[in-house]
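Undergrad: Take a look at this one; I'll ask things after.
The values are calculated or read from the model by the stated rules, or taken from the named source; none is laboratory data. Remember, it's a predicted structure, so these values are computed and weren't measured experimentally. Quick reminder, even Gly has a Cβ in these numbers, built from the backbone with ideal geometry, and neighbours come from all protein chains shown. Side chains are part of the model used for accessible areas, which takes the heavy atoms of the whole protein and leaves out ligands, DNA and RNA. Shrake-Rupley method; radii C 1.70, N 1.55, O 1.52, S 1.80 Å.
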Amino acid sequence: MRDQVKYIFVTGGVVSSLGKGIAASSLGLLLKQRGLNVILQKFDPYLNVDPGTMSPFQHGEVFVTDDGAETDLDLGHYERFIDRNLSQRSNVTTGQVYEAIINRERDGGYLGRTVQVVPHVTDEIKNRILLAAENGEDVDVVITEVGGTTGDIEGLPFLEAIRQLRLDLGRDNVLYIHLTLVPYIKAAHEIKTKPTQHSVRGLREIGIQPDILLCRSEMPLSREIKEKIALFCNVEQRSVIGALDAQSIYQVPLQFHEEHLDDIVVEKLRLDCPKPNLAEWEEMVRKIFSMKESVDIAVCGKYIQIVDAYKSIIESFTHSGVANDVHVNIRWVDSEKIEEEGPERYLGEVQGILVPGGFGDRGIEGKITAVRYARENGIPFLGICLGLQCAVIEFARDVCGLDAGSSEFDPDIPHPVIDLMLEQRSRSKMGGTMRLGAYPCRLKENTLAHRLYGETEISERHRHRWEFNNDYRERLEEKGLVISGLSPEGDLVEIVELPFHPFFVAVQFHPELKSRPQRPHPLFKGLVGAAKQVKKNPSEWPEAAPVAHPER
Ligand code: GLN
């Protein structure tokens, strides 16, 4: 018989943005390094079915799983920390729960009963917790992060469900961890425990007594403070864990381990496992803080005020920096500023340019200008999704002399080199209808992409509706554009590059979603490596050879 799966719930109190996702991920890593099979899951109490329809300004990045679910960006942290691909089962929203219940009700599935929050909504939530581990794989521990802050009205059904689950499965199988804030009040020179007391009281009122408290603070917690928190919150003193502000998110698991978080968790859940092996992780963290050189890479987007919108890109640069032993300074460039002031001021001193994904036409001309600047000046360039589309438009305009664009931005453009995918034309619903998730891609031999990946068959994750218009393939190839990655049937262009340029590659998929701390994505690793080379030997770096220009 399979062993009983253990369930850990991470709730948050006092304020949002304390780093619940990182805390859950860090515990996941510690348990994984103790030899356990771990899955992480996130509850999002909002009514959207998924974040796919939300603006990046509202929600930050939408993280896409292999199986094509549009999910919360915390899933990105989970995957990066436990180095495991998660599925749609790892993100549960109120919208999904109600959608399932209402559909069942319309189908007559409730046999005349009144459908209520308790037990129907809570049962549906519990089901989804149990389902997280039911994917045919061996799972020892499921860690579920409950989004929002205790006290939020919309979070109540989730908290009620996790309260019930301990009654259903027993004390040894369910653990509650609460992340809270212990602020330092400068004027009084004092650390305050009251907000934590209130937040735990709120949880206890609804029947949840946390087993462990993670206390986020900017100062180390003294023994007296821990004693006080323990007493007032009814938690053992050793289970009051300090969660000091960290410079890098990758330090957090090591801090937790020093405070014996994983020892306490395995003891409370009666798990039999060895101490964690953290040697590689420690080595990575050591490298993050010992890099002497740095490169500047510009990210030209339109959501740059909200860095959460590019979370996975930021992390991919960290991973690639470690691999190349160079610190990556990301220069956030608002592409509209390039439109207003030209590229020189923003891109003149960078060693790499990345144009990320995006939607809508605002700032698009600035991105196209950034691509041109990279192409003409031999600056290492990586285009992602919309970034590929901009690169294709730029090439079609400047090298092939076409009045080209994307039908996303101008339905009447004379040369729609980027056009709506065939299967998208009949779609009317917005949610979950893009080309989503992992698709295989075949690489052309002896291309930059092939060299970087070191293989010819790859799989990458997608999220788009528009694509390279095949009617223009020949014309663009004739002028020197190389299509180095195609779908296996050959009908979808996935990667383009410029052989006359030292490092110019653009992809229709999102490589940033698959970069992991110890396995940086080859395209990011390549971009950072090229940037480092440019910085070291700018004179030896080959200028971009002019690609054929049309007579103008
Ligand atoms: N807006 C473009 C499309 O839908 C690009 C999407 C993206 O960059 N993720 O095809």
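Undergrad: Out of (1) in contact with a Leu (Cβ under 8 Å, 6 or more places away or on another chain); (2) not in a loop (DSSP other than H, G, I, E, B), what's the single condition that is false for P499?
TA: Single failed check for P499: (2).
Condition check ((1) acidic (D, E); (2) open to solvent by 70 Å² or more (accessible area, probe 1.4 Å)) across all residues:
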residue	(1), (2)
D168	yes, yes
Y176	no, no
E190	yes, yes
G202	no, no
E218	yes, yes
F232	no, yes
S239	no, no
Q255	no, no
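Undergrad: With the requirement that a residue be away from the ligand (no atom under 16 Å from the Cβ) and either outside any helix (DSSP H, G or I) or within 14 Å of C300 (Cβ to Cβ) (or both), what does the stretch 355-376 give you? Break it down into steps so the answer makes sense when it comes.
TA: We begin by selecting, within the stretch 355-376, every residue away from the ligand (no atom under 16 Å from the Cβ); these are 369, 372-376.
Once the filter is applied, which keeps residues that are away from the ligand (no atom under 16 Å from the Cβ) and either outside any helix (DSSP H, G or I) or within 14 Å of C300 (Cβ to Cβ) (or both), the stretch 355-376 yields T369, R372, Y373, A374, R375.
Undergrad: Which members of the stretch 119-134 meet the condition of being open to solvent by 30 Å² or more (accessible area, probe 1.4 Å), within 18 Å of N91 (Cβ to Cβ) and of a type in the set (D, E)?
TA: Across the stretch 119-134, the qualifying residue is only E134.
Undergrad: So C385 ticks every box in (1) at negative phi; (2) surrounded by 14 or more Cβ atoms within 10 Å (Cβ to Cβ); (3) within 16 Å of the ligand (Cβ to nearest atom) but one. Which box is left unticked?
TA: (1)
Undergrad: List every residue pair whose Cβ atoms sit under 6 Å apart, with the two residues 6 or more apart in sequence or on different chains, where the first one lies in the stretch 238-256 and is closer than 20 Å to N277 by Cβ and the second, anywhere, is in a loop (DSSP other than H, G, I, E, B).
TA: V252/A246
Undergrad: May I ask you to verify whether T114 is of a type in the set (S, T, Y) and closer than 22 Å to S25 by Cβ?
TA: Working: of a type in the set (S, T, Y): yes; closer than 22 Å to S25 by Cβ: no.
It is false that T114 is of a type in the set (S, T, Y) and closer than 22 Å to S25 by Cβ.
Undergrad: A further question follows. Among the numbered criteria (1) touching a strand residue (DSSP E or B) at 6+ places or on another chain (Cβ under 8 Å); (2) open to solvent by less than 10 Å² (accessible area, probe 1.4 Å), which single criterion is violated by H521?
TA: (1)
Undergrad: Restricting attention to the stretch 341-352, does a residue exist that is out of contact with any strand residue (DSSP E or B) (no Cβ under 8 Å at 6 or more places or on another chain) and of a type in the set (S, T, N, Q)?
TA: no
Undergrad: Looking at (1) within 16 Å of the ligand (Cβ to nearest atom); (2) in contact (Cβ under 8 Å) with a residue 12 or more places away in the chain, which is the only condition P499 fails?
TA: (1)
Undergrad: Which number in (1) within 15 Å of the ligand (Cβ to nearest atom); (2) open to solvent by 30 Å² or more (accessible area, probe 1.4 Å) marks the one condition that D403 misses?
TA: D403 satisfies every listed condition except (1).
Undergrad: Given the structure, is W332 under 30 Å from L75 (Cβ atoms) and surrounded by fewer than 17 Cβ atoms within 10 Å (Cβ to Cβ)?
TA: When the stated conditions are applied, W332 passes them.
Undergrad: Another question about this same structure. Restricting attention to the stretch 468-504, report how many residues are within 26 Å of the chain's Cα centre (by Cα) and either aromatic (F, W, Y) or open to solvent by 30 Å² or more (accessible area, probe 1.4 Å) (or both).
TA: Count: 4.
Undergrad: Inside the stretch 220-242, can you point out the residues that are touching a Gly at 6+ places or on another chain (Cβ under 9 Å) and either on the phi > 0 side of the Ramachandran plot or assigned to a loop (DSSP other than H, G, I, E, B) (or both)?
TA: Once the filter is applied, which keeps residues that are touching a Gly at 6+ places or on another chain (Cβ under 9 Å) and either on the phi > 0 side of the Ramachandran plot or assigned to a loop (DSSP other than H, G, I, E, B) (or both), the stretch 220-242 yields P220, L221.
Undergrad: Here are the criteria: (1) touching a residue at least 40 places away in the same chain (Cβ under 8 Å); (2) more than 14 Å from the ligand (Cβ to nearest atom); (3) assigned to a loop (DSSP other than H, G, I, E, B); (4) out of contact with any strand residue (DSSP E or B) (no Cβ under 7 Å at 6 or more places or on another chain). Tell me which single one F409 does not satisfy.
TA: (2)
Undergrad: Now for a different question. Determine whether the stretch 295-303 contains at least one residue that is open to solvent by less than 30 Å² (accessible area, probe 1.4 Å), within 16 Å of the ligand (Cβ to nearest atom), in a loop (DSSP other than H, G, I, E, B) and modelled with pLDDT of 95 or more. Step through it out loud before you land on a result.
TA: Taking the stretch 295-303 as the starting set, the residues that turn out to be open to solvent by less than 30 Å² (accessible area, probe 1.4 Å) are 295-303.
Filter once more, so that each one left must be within 16 Å of the ligand (Cβ to nearest atom): 299-303.
Now restrict to residues that are in a loop (DSSP other than H, G, I, E, B): 302-303.
So of that shortlist, the ones also modelled with pLDDT of 95 or more come out as none.
No - not one qualifying residue is present in the stretch 295-303.
Undergrad: Let me ask something else. A531 fails exactly one of the following numbered conditions: (1) open to solvent by less than 10 Å² (accessible area, probe 1.4 Å); (2) under 19 Å from I393 (Cα atoms); (3) not polar (S, T, N, Q). What is the number of that condition?
TA: The single condition A531 does not satisfy is (2).
Undergrad: So, of the residues in the stretch 322-349 that are touching a residue at least 60 places away in the same chain (Cβ under 8 Å) and either of a type in the set (A, V, I, L, M) or part of a strand (DSSP E or B) (or both), which turns out to be nearest to I288 (Cα to Cα)?
TA: In this case the residue turns out to be V322.
Undergrad: Could you check the stretch 424-441 and list, in sequence order, the residues that are open to solvent by 80 Å² or more (accessible area, probe 1.4 Å) and modelled with pLDDT of 90 or more?
TA: Scanning the stretch 424-441 gives a single hit, Y439.
Undergrad: Just to be sure I understand, how many residues within the stretch 406-419 are hydrophobic (A, V, I, L, M, F, W, C) and open to solvent by 40 Å² or more (accessible area, probe 1.4 Å)?
TA: Counting residues in the stretch 406-419 that are hydrophobic (A, V, I, L, M, F, W, C) and open to solvent by 40 Å² or more (accessible area, probe 1.4 Å) gives 1.
Undergrad: Please give the number of the condition M284 fails out of (1) assigned to a helix (DSSP H, G or I); (2) modelled with pLDDT of 95 or more; (3) open to solvent by 30 Å² or more (accessible area, probe 1.4 Å).
TA: Going through the list (1) assigned to a helix (DSSP H, G or I); (2) modelled with pLDDT of 95 or more; (3) open to solvent by 30 Å² or more (accessible area, probe 1.4 Å), M284 breaks only (3).
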